[in-house]
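The values are calculated or read from the model by the stated rules, or taken from the named source; none is laboratory data. The structure displayed is predicted, hence computed values, not measured ones. Using ideal geometry, Cβ is built from the backbone for each residue, glycine included, and neighbour counts are taken over all protein chains shown. Protein only, heavy atoms only, side chains kept; ligands, DNA and RNA dropped before computing areas. Shrake-Rupley method; radii C 1.70, N 1.55, O 1.52, S 1.80 Å.
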Amino acid sequence: MADAMTVPLPGRRALASRVLVWTALILLASIFMLPFLWMIRIALSEADRVDLGLRLLLDWSGLDIRNFARAWQAQPFNRFFLNTLAVTLLGVGGEVLASALVAYGFARMRFPGNRALFLLMLSTMMLPSQVTMIPVFMLFRKLEWIDTFKPLIVPSLFGAPFSIFLLRQFIMTLPRDLDEAAELDGCSVLGTWWRILLPLMKPAMLTVVIFSFIGRWNDLLGPLLYLNSQEKFTLSLGLMAFRGLYSTAWNQLMAASIVVMLPCLVLFFTAQRYFIQGLLIGGLKE
Amino acid sequence: MTSDLRERLSLWAQWALLVLAILVIGYWLTLSRPDVPPGVIQLRFGNFGTPEQLAQEKVILAEFERTHPHIKVKLEWVSAGNYLLKLKTQIAGGNAPDVTWMGSGVFYEFAAKGAFLPLETLLANDPDLKRDDFYPTMIDAYTYKGHLYGLPKDNTGTVLFYNIDALEKAGAPLPDETWTWDDMIRWGQQVTRDTNGDGRIDQFMYLPLWDYLHFYQHGNPVFDPQTGRCVIDQPSGVAAMQFRRDLVYKHHIAPRPLETATLIASGGSGDAGMGAFDLFPLGRVVCLPCNMAVVPYYRKACKFRWDITKVPRGPLDVQLIDGAAYPILAQTKHPHEAWELVKFYSGPWVQTLRAKAGDSVPSLRALANSPLFLDQPPPPAHRAFVLNLFDRYHVFPQHERLGAIEQITGRWFERILSDENPIDVEPGLRQAAAEVNRLLESED
Amino acid sequence: MSRRETTHGYLLISPWIAGFLLFTLFPLAWSLAMSFCRWDLISGDVQWIALRNFQKLLLHDPRFWQALKVTALFVVMSVPLGIAGSLALALLLNQPVRGIRVFRTIFFLPAVLSGVAFSYLWVNVFNPEIGMLNALIRPIYQALGISLDHLPRWIYGIRTALPSIVIMGLWGIGPGTITYLAGLQGIPRTFYEAAEIDGANVWARLRHITLPMLSPVILFNLIMGIIGSFQVFTQGYVMTGGGPQDATLFYVLYVWQVAFQEFRGGYASALAWVLFLIILALTLLTFRMSRSHVHYGGK
């Protein structure tokens, strides 16, 4: 879509400007990729070579792939990985379904206070979680949920403002005739939501899944507050504990960091267009 | 590929992903089941330290569970750095372990908040252990407002670790118990240098880790024994801090804070990083003051000959001693089983093991003065001097608000010692003391 | 608006309402009450002290002002820089060049990596001894004969720590860029053609067509940028711990420290409420100011 819409320039001037733009883009892209290249290089370095400076980037000898295995075995990272995956999946699942339900209410039902409540919901997005964290912590303490995964999962069942917002915007673009027709055929409200709207919302749902996944995968504050025992650690905590113990083993730290980033990278590369679509739903209008 | 086929494949992929997700979650749920047989009490033991210490703890707990079949202990292991913070969060969250261990410095802080169970009756009624089995100075260190809140785990003093090879190579003598700071400074100028010729100093004589040490050695008590107010800004304190700063900027035998930070972060070859303590095995620092807990790690990590001795004496002959103890958390539901565990850890079986490990002085006096501790294979070759420390010195600093106080003084010391935006010693200490005293008055 | 629809509407949004009451309104009310108390989170003791927390915060707590200053500086540096950066990048990407998809991927990529792992990457890059940046700069210093003692200290230097984190933030401009790109592609070509006939040059076209047409997107990114900048936590917690000398003591990090390192629940609640009021005021201000500058034209 990008290539089709841009303004064509005529003649030689166009060529010159094209070369210029290309050079600028390639330069910027290199700058963007350089830290990652550096990270990979450090992760592959033998221990006594991480301080070689520029020579590291120019001379790719002395590689040691075993850093990955060493780092991964130094802590129960397998367990951390599984914990993170399970907490993330459950959280994403709960958040997406609940948000889709709420978004349906906001988008399709006319009731007094709809707009005001919607604006109220949007405004809660600007509240840093540190503002509410102590009472919420105490609430979970009363429930005896400290050092369980529940504080990381259960709140997702109430939907998340940003997801509700995206889904609501998307539903607004869908024609009303379909759900009205379904209701005339005797479908209940929930039936219409489940049978008609959810299938239509699939692209937007995927977008929400991806945003939510990345947020939850990288979450630090939640695990930091609620998880105490090591066997319940997520990758964020595991990585911090690893650095606490192995502060000087840069090659292993970078290796572990790369593995931690990997699922987000894979997700990004396989579902890139849903990211972009999500930004376009959210970024325009209102 | 026809679009119909593609659609069907993508449908399959979606189902496969869903099934996979359910499998992951299902498997993960089975992992979280505890397995405690009926009639057995499970204790949670909050613990931290190096991987070497973890290995030792596992040996100890296996023996404990063998001799106490009705108790099972779940070891909750945290890497050292943030352990106290973690423990505080657990207490605030109502999720504290039953037993833990803790250094003497912060002990009062937890005791003052009512986090621990008083143990004096349990100890008095115990058939196996007596108060007199331990060093009195250590029992004092865990007694707060008349109640005993912990049994001594071990006793450690801050001793000077030194790198024999590096000193000999630089033509300097080995430090001994007669050394003063003048000796350290004199020989330090010879030892501190650029060993690889890249124009930057990479070997320092000394790494000052305990700023309060210099205050005590200059006759400043940090807290006034009568009023409890912070007095680091008195002339003796200013002299102490000036001395501490001169080690870096006048005598050039110690790294600047930035150099310390980046030296730590650029160690490279260290494989069990312990922050600043890694600079010794890495050869960046030739003399390092530290307690004996690092001995097992240094035995493994140091590729050179090393030994320990007393930290040089200042204007006053004062040394830092400290220790650690096992308290029982007030939130516990099993105080009697927790006492069994604490008693076992402070008792002869574990303390014999500790004596052999050489990472600390056993808490039981009889064992500390036995060949078991004294005649271990080196390094360190010298160790008898450590025992004398416990008869001569007291444990300090101890304070109910030590954590918060050290955060304040640490911040001001950092500024005083920095080469970027520094503040002079005297105004710096004055502001630090004022801030500490404001904190102490506010009771918040 | 039927009665049935009203009931269904409330039922459908009830999960969010419950969540709002439980995790936003109730905590806000509780922390408002606690901000007038001394509340020791470890022992659980609560004691009413009226306005003393706020009095202390305003009059006797230099770290509160430092945290406020750091956060304000961060917003002032990172938000405009982020908007300018992503807008410029979008203008570049909007040119007819090959491989646009590859570039888009590259620029977007770092934005999905925001966690602890990403912070550690930057801790290494910024390390004055072995980090990538000084590895690149060191040869220049040597060639110019400047002492290596003057190499930037990045996150370890008082003056450079905060700008370092701003620089790191520039790696996250991808999403903003995408929204501008979409906005650019939504501007009818006829506008530019008309302007060209009128003899408007590149700058004039940018100023009088592109920017006004993009103003809703800019507003959106401005607000999201301000919200995001106020919530920066991981970088401070993981990379600098607020240091050196409190140079990166972000406000939310300070709230965290008071709450879960010092366990002073009352004071932390007071701090949190001040932050809440500041953000509220700022967002309202942004909306009010934007009313006169944002054009919802073109439709």
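Residue count for the stretch B:417-436 under the criterion of being in contact with a helix residue (DSSP H, G or I) (Cβ under 7 Å, 6 or more places away or on another chain), away from chain C (no Cβ under 12 Å) and open to solvent by 30 Å² or more (accessible area, probe 1.4 Å): the result is 1.
Applying a threshold of 7 Å to beta carbon distances and a minimum spacing of six or more residues, or different chains, the list of pairs starting in the stretch A:49-78 at a residue that is facing chain C (nearest Cβ under 8 Å) and ending at one that is open to solvent by less than 50 Å² (accessible area, probe 1.4 Å) and β-branched (Val, Ile, Thr) reads A:Val50/A:Ile42; A:Val50/C:Ile130; A:Asp51/C:Ile130. Quick one: would you say A:Ser17 is facing chain C (nearest Cβ under 10 Å), within 22 Å of C:Met168 (Cα to Cα) and polar (S, T, N, Q)? It is false that A:Ser17 is facing chain C (nearest Cβ under 10 Å), within 22 Å of C:Met168 (Cα to Cα) and polar (S, T, N, Q).
Sort out which residues of the stretch C:45-60 are surrounded by fewer than 16 Cβ atoms within 10 Å (Cβ to Cβ), outside any strand (DSSP E or B) and either within 8 Å of another protein chain (Cβ to nearest Cβ) or among the hydrophobic types (A, V, I, L, M, F, W, C) (or both), and write them in order of number. C:Ala50, C:Leu51, C:Leu58, C:Leu59, C:His60 - these are the residues of the stretch C:45-60 that are surrounded by fewer than 16 Cβ atoms within 10 Å (Cβ to Cβ), outside any strand (DSSP E or B) and either within 8 Å of another protein chain (Cβ to nearest Cβ) or among the hydrophobic types (A, V, I, L, M, F, W, C) (or both). Taking the stretch A:39-155 as the region of interest, the helices (runs of 4 or more DSSP H) fully inside it that hold 1 or more residues being buried (at least 22 other Cβ atoms within 10 Å of the Cβ) and at pLDDT 90 or above are A:77-108, A:114-124, A:129-142, A:150-153. The set of residues from the stretch C:7-35 being among the polar types (S, T, N, Q) and either open to solvent by 30 Å² or more (accessible area, probe 1.4 Å) or touching a residue at least 40 places away in the same chain (Cβ under 8 Å) (or both) comprises C:Thr7, C:Ser14, C:Ser31, C:Ser35.
Kindly indicate whether B:Glu7 is modelled with pLDDT of 85 or more and in a helix (DSSP H, G or I). If you could, list the steps in order and put the result at the bottom.
On the way: modelled with pLDDT of 85 or more: no; in a helix (DSSP H, G or I): yes.
Against the criterion (modelled with pLDDT of 85 or more and in a helix (DSSP H, G or I)), B:Glu7 does not qualify.
This table checks each residue for (1) part of a loop (DSSP other than H, G, I, E, B); (2) in contact with a Gly (Cβ under 8 Å, 6 or more places away or on another chain); (3) farther than 21 Å from A:Met125 by Cα; (4) within 14 Å of chain A (Cβ to nearest Cβ).
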| site | (1), (2), (3), (4) |
| --- | --- |
| C:His8 | no, yes, yes, yes |
| C:Leu28 | no, no, no, yes |
| C:Ile42 | yes, no, yes, yes |
| C:Ala72 | no, no, no, no |
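Any residue that is in a helix (DSSP H, G or I) and in contact (Cβ under 8 Å) with a residue 24 or more places away in the chain - is there at least one of those in the stretch B:189-202? Yes, the stretch B:189-202 has at least one match. Within the span defined as the stretch C:154-164, every residue fails to be in a helix (DSSP H, G or I), surrounded by fewer than 20 Cβ atoms within 10 Å (Cβ to Cβ) and without any contact (Cβ under 8 Å) to a residue 60 or more places away in the chain.
When only residues in the stretch A:119-140 that are more than 9 Å from chain C (Cβ to nearest Cβ) and in contact (Cβ under 8 Å) with a residue 12 or more places away in the chain count, which is farthest from the chain's Cα centre (by Cα)?
Applying the filter and picking the extreme gives A:Phe140.
The residue list C:Ile146, C:Ile130, C:Ile100 contains one member that is open to solvent by 30 Å² or more (accessible area, probe 1.4 Å), touching a helix residue (DSSP H, G or I) at 6+ places or on another chain (Cβ under 9 Å), modelled with pLDDT under 90 and among the hydrophobic types (A, V, I, L, M, F, W, C), which is C:Ile146. Among the candidates B:Phe215, B:Phe204, which residue alone is at pLDDT 90 or above and within 21 Å of B:Phe161 (Cβ to Cβ)? Going through B:Phe215, B:Phe204 in turn, the sole match is B:Phe204.
Looking only at the stretch C:178-212, residues that are more than 10 Å from chain A (Cβ to nearest Cβ) and either closer than 30 Å to C:Leu280 by Cβ or among the small types (Gly, Ala, Ser) (or both) come to 7 in all. Among helices (runs of 4 or more DSSP H) entirely within the stretch B:350-406, having at least 2 residues that are away from every other protein chain (no Cβ under 14 Å) and buried (at least 18 other Cβ atoms within 10 Å of the Cβ) singles out B:365-368, B:384-392. Does B:Glu120 fit the bill of being at negative phi and buried (at least 20 other Cβ atoms within 10 Å of the Cβ)? In short, no. Return yes or no: is C:Leu253 out of contact with any Leu (no Cβ under 7 Å at 6 or more places or on another chain), at the interface with chain A (Cβ under 10 Å from one of its Cβ atoms) and at pLDDT 85 or above? Answer is yes for this residue.
Note on the stretch A:108-118: residues that are at the interface with chain C (Cβ under 7 Å from one of its Cβ atoms) and of a type in the set (D, E, K, R) total 1. For the stretch C:76-94, indicate whether the set of residues that are in contact (Cβ under 8 Å) with a residue 24 or more places away in the chain, in contact with a Pro (Cβ under 7 Å, 6 or more places away or on another chain), part of a helix (DSSP H, G or I) and open to solvent by less than 30 Å² (accessible area, probe 1.4 Å) is non-empty. For the stretch C:76-94, residues in contact (Cβ under 8 Å) with a residue 24 or more places away in the chain, in contact with a Pro (Cβ under 7 Å, 6 or more places away or on another chain), part of a helix (DSSP H, G or I) and open to solvent by less than 30 Å² (accessible area, probe 1.4 Å): absent. Out of all the residues in the stretch B:134-159, which are over 19 Å from the mean Cα position of the chain (by Cα), surrounded by 20 or more Cβ atoms within 10 Å (Cβ to Cβ) and over 19 Å from B:Pro397 (Cβ atoms)? Matches in the stretch B:134-159: B:Phe134, B:Leu148. Checked against (1) open to solvent by 50 Å² or more (accessible area, probe 1.4 Å); (2) facing chain A (nearest Cβ under 7 Å); (3) closer than 27 Å to A:Ile214 by Cβ, C:Thr105 meets all criteria but (1). For the stretch C:109-164, the tally of residues that are facing chain A (nearest Cβ under 10 Å) and small (Gly, Ala, Ser) stands at 7. Residues in the stretch B:65-85 that are open to solvent by less than 30 Å² (accessible area, probe 1.4 Å) and modelled with pLDDT under 90 were compared, and the one that is farthest from B:Leu341 (Cα to Cα) is B:Ser79. Test each condition in (1) open to solvent by less than 40 Å² (accessible area, probe 1.4 Å); (2) under 22 Å from the mean Cα position of the chain (by Cα); (3) within 11 Å of chain A (Cβ to nearest Cβ) for C:Met224 and report the one that comes out false. Looking at each condition in turn, C:Met224 falls short on (1). Within the stretch A:218-237, if we keep just the residues that are within 12 Å of chain C (Cβ to nearest Cβ) and among the small types (Gly, Ala, Ser), the residue that is surrounded by the fewest Cβ atoms within 10 Å (Cβ to Cβ) turns out to be A:Gly222. Pairs linking a residue in the stretch A:163-175 that is more than 12 Å from chain C (Cβ to nearest Cβ) and more than 18 Å from A:Ser212 (Cβ to Cβ) to a residue that is at pLDDT below 90 and open to solvent by 20 Å² or more (accessible area, probe 1.4 Å), with Cβ atoms under 9 Å and 6 or more positions apart or on different chains, are A:Thr173/A:Ile281; A:Leu174/A:Leu200. Of the listed requirements (1) on the phi < 0 side of the Ramachandran plot; (2) more than 10 Å from chain C (Cβ to nearest Cβ), A:Phe213 misses just one: (2).
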